[in-house]
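One structure is given here, and the rest of the page talks about it.
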Ligand SMILES: [Zn+2]
Ligand SMILES: [Zn+2]
């Protein structure tokens, strides 16, 4: 079974599935503003998908001062992830789960 490691800062938590990793990144890490469009996005895999998928290489290089190694590394991850999972659908699912959890928190007195 493939092992997925969270690459955010020094986290390095390990997950047996990409779904587990994405759930962790969306719920346990703070969101970052995209340096291209300013939208708040979960850090890690979703950030890679957003910047390279939505904006493309050119914007990524300009906004993030990226090197060709940075691009290669992220495009490799992006491909691996896309082989395993529908990233957009997973994003929608996890965000609605998260909204429900926040809603529950707010309703508790
Ligand atoms: Zn993490
Ligand atoms: Zn953006």
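Rule-based calculations on the coordinates, nothing more; no lab input. Because the structure is a prediction, the values reported are computed rather than measured. Every residue, glycine among them, receives a Cβ derived from its backbone with ideal geometry; neighbour counts consider all protein chains shown.
Okay, here's what the table says:
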| read-out | value |
| --- | --- |
| Breaking point among (1) farther than 19 Å from residue 88 by Cα; (2) in contact with a helix residue (DSSP H, G or I) (Cβ under 7 Å, 6 or more places away or on another chain); (3) outside any helix (DSSP H, G or I), for residue 10 | (2) |
| Qualifying positions in the range 37-79 - within 19 Å of residue 23 (Cα to Cα), surrounded by fewer than 14 Cβ atoms within 10 Å (Cβ to Cβ) and more than 15 Å from ligand 2 (Cβ to nearest atom) | 79 |
